[in-house]
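Below you'll find the structure, written out as structure tokens, and then a few comments.
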Amino acid sequence: MKKKSKKSKDFNINQKSFFFEDYLETNKKNKFLQKNNLFQDRIYILFFLFFSLILIFSIRIVHVSLNKIEIFSQENSFKKFVLMRRDIVDRNGTLISRNIKSFHAAVDPKLIVNKENFMIKLRLIFPEIPIKEIEKKLQKNKYFYIKKRINQNEKEKLWKMGEKGVIFEPFQTRIYTHSNLFSHIIGQVDYDNYGISGIEKFFDKELKKKEHIDKPFELTLDTNIQHLVSKELNLALKTFEAPGGAALLMNVENGEILSLVSLPDFNINVRNDLSDKKYMNKITKGVYELGSIFKTFTIALALENNIVKPQTVIKNIPKSLKCSNHDISDIKDFPKNLTVEDILIRSSNIGTLLIARKIGEDKYKRFINDTGLLKVPKIQLQEVGSPIKFNWNKCKLETVSYGHGITTTPLQATTIYAALANGGKLIEPSLIKKNKIKEFKKIVSSETSKNIIDILRKVVTHNEGTAHLADKSGYYVGGKTGTSQNYKNKNENLNTFISIFPSHKPKYALLVMLENPQVAKNLTYDYRGVRIKAFRNEAGWNTVYVAGKIIERIGPILAIKNKDFNNQYVVEKTD
């Protein structure tokens, strides 16, 4: 029994030891397995991340390879360029004004590694820039502009510097392809693309309409004609030593303006101070006494009211007469008896005055009111002048009859000549094409219009006419001269000539005006087949001469010298 219990005791001891040892070993194995599993999880996560990156890069590479690579060029840079203003073009589609992508050059000093080297390079590109100011700005380490509105050449030079700190800020700028040519018509825009003058201002909203942004804004102007008129007028300023001048070409049937030139002009791509009055638009804003131009209105009014006929003789015309405190006379001696048409052909002040007295003040007032001579002109520009108001006091009728003591703009005067040439229809001048002509007012009958056209033609062709130098073969020019004093400075002349052509079927009215021209001592005229030197300073010897030159240059473009066109009419005989 003792042996048995001893064995049992030994067994129990051994059993206890067995279970204890087994537990420890199992516990160690579990810990090892846990660590091993954690290590494997981390490997899986890293593998997953690595695989994801490879997948992302692979997708990106495939995407790039399947898409067309765009090389930087001027063409590509405009693909995302959204216009803020419409193009402006002439009647033939020739570009006049357009928005383009431009840049301001700025500097972030924090990105400039070697500021001293940067300043040396900058001096070479912009020697006119105040370097000391730039150096101060660099030291402040604040973002600033080197130059605004840089051109392409300047941009390329700055880019070649290779400086990360030079930043090009894109913006839209307006360019004018013909610089000075349309300066008084097109106008300008400010830095924010808002119109501030000319067509740009008058049609500011229209030019920014998104629904029409890709459709060019078409004007009535003709770039080729504008260039030729400007060239001849600039030459005239030199020839006659005139400080300023202007010209206007208008279609008498619909009022479309094909050319409007005012000199001196200016480059509208450059922002300069234009406060000097010499730069104003003389055609629409200038207000002048136009002199004998008004005699045509007086004669037309007398014919319209059946007071006289073209061949009616005005007898006993004095050489001078006194009207209130004024002594009125003619520059030249005329016969005592002159027909109505001779009075206009020879440009007699006294003869015109006597006819005006037959018309009477009431009818003359009505005519001036109906024609709008003393009103602000209607045109698609805000740069318009307001004729000086005057009272119908003593002798006003007489002086107004020959263009003294009354002011108007060249635009309004030309518009009335257009009406007298088109059958009496007072049309509204326009710088934009219109599908329909608005209702017009009749200021004279078709018969009066025909009579006036015939007389104006004789002013050019008659031996006693004042506008012979405008008689260019094949163009059938008619017109009237006007020589007056500057109402602000009586020592200065204003010489004007308004012509219509071709006179057998008038289509155009042309005004030419010169401010205070001088006798062209070096100019030789071909006057009725005789070569003579200049010796007089009236409109017949300068503005008429210039108008003739202009008509010769623009005639082929206007196609008025076409043989098929002219063969429809009987070639008129000249006196």
message = Looking at region 346-362, I want the residues that are of a type in the set (S, T, Y) and have a partner that is assigned to a helix (DSSP H, G or I) with Cβ atoms under 7 Å, at least 6 apart or on another chain. Which pairs are those?
response = S347/S292; S347/K295; T352/K295; T352/T298; T352/I343; T352/S401
inquiry  = Pairs needed: first member in region 108-131, at negative phi; second member anywhere, modelled with pLDDT of 90 or more and among the hydroxyl-bearing types (S, T, Y); C-beta distance under 9 Å; at least 6 residues apart or different chains.
reply    = D108/Y143; P109/Y143; K110/Y143
query = Within region 404-422, is even one residue more than 24 Å from A247 (Cα to Cα) and touching a residue at least 40 places away in the same chain (Cβ under 8 Å)?
reply = no
ask   = Which pairs do you get when a residue that is outside the structural domain of T409 (by TED's automatic domain parsing), found in region 474-498, comes within reach of a residue that is at pLDDT 90 or above and of a type in the set (D, E, K, R), reach meaning Cβ atoms under 9 angstrom, with the pair 6+ apart or on two chains?
value = none
key: I388 among the β-branched types (V, I, T) and either part of a strand (DSSP E or B) or surrounded by 21 or more Cβ atoms within 10 Å (Cβ to Cβ) (or both)   = no
message = So, in region 383-417, how many residues would count as being over 21 Å from the mean Cα position of the chain (by Cα) and among the acidic types (D, E)?
response = 1
key: Per-region count, region 369-390, residues in contact (Cβ under 8 Å) with a residue 24 or more places away in the chain, under 30 Å from T312 (Cβ atoms) and hydrophobic (A, V, I, L, M, F, W, C)   = 2
key: Number of positions in region 349-382 that are within 13 Å of T409 (Cα to Cα) and out of contact with any helix residue (DSSP H, G or I) (no Cβ under 7 Å at 6 or more places or on another chain)   = 3
request  = Examine region 109-123 for a residue that is buried (at least 16 other Cβ atoms within 10 Å of the Cβ), modelled with pLDDT of 90 or more and under 30 Å from I257 (Cα atoms), and state whether such a residue exists.
outcome  = no
task = Could you tell me which of the residues E232, E218, E200, E253 is in contact (Cβ under 8 Å) with a residue 60 or more places away in the chain, under 23 Å from T543 (Cβ atoms) and not polar (S, T, N, Q)?
result = E232
inquiry  = Would you confirm whether or not region 319-336 contains a residue that is acidic (D, E) and in contact (Cβ under 8 Å) with a residue 60 or more places away in the chain?
reply    = no
inquiry  = Take K157 and tell me if it is surrounded by fewer than 19 Cβ atoms within 10 Å (Cβ to Cβ) and free of Cβ contacts under 8 Å to residues at least 24 places away in the same chain.
reply    = no
note = The one condition K238 fails out of (1) assigned by TED's automatic domain parsing to the domain that holds P429; (2) at negative phi; (3) in contact (Cβ under 8 Å) with a residue 24 or more places away in the chain is (3)
key: Residues being over 14 Å from the mean Cα position of the chain (by Cα), closer than 23 Å to R149 by Cβ and assigned to a loop (DSSP other than H, G, I, E, B) - total across region 163-220   = 10
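The values are calculated or read from the model by the stated rules, or taken from the named source; none is laboratory data. A quick note: this is a predicted structure, and the numbers were derived from the prediction, not measured. When we count neighbours, we look across all protein chains shown, and the Cβ atoms used for this are built from the backbone with ideal geometry, even at glycine.
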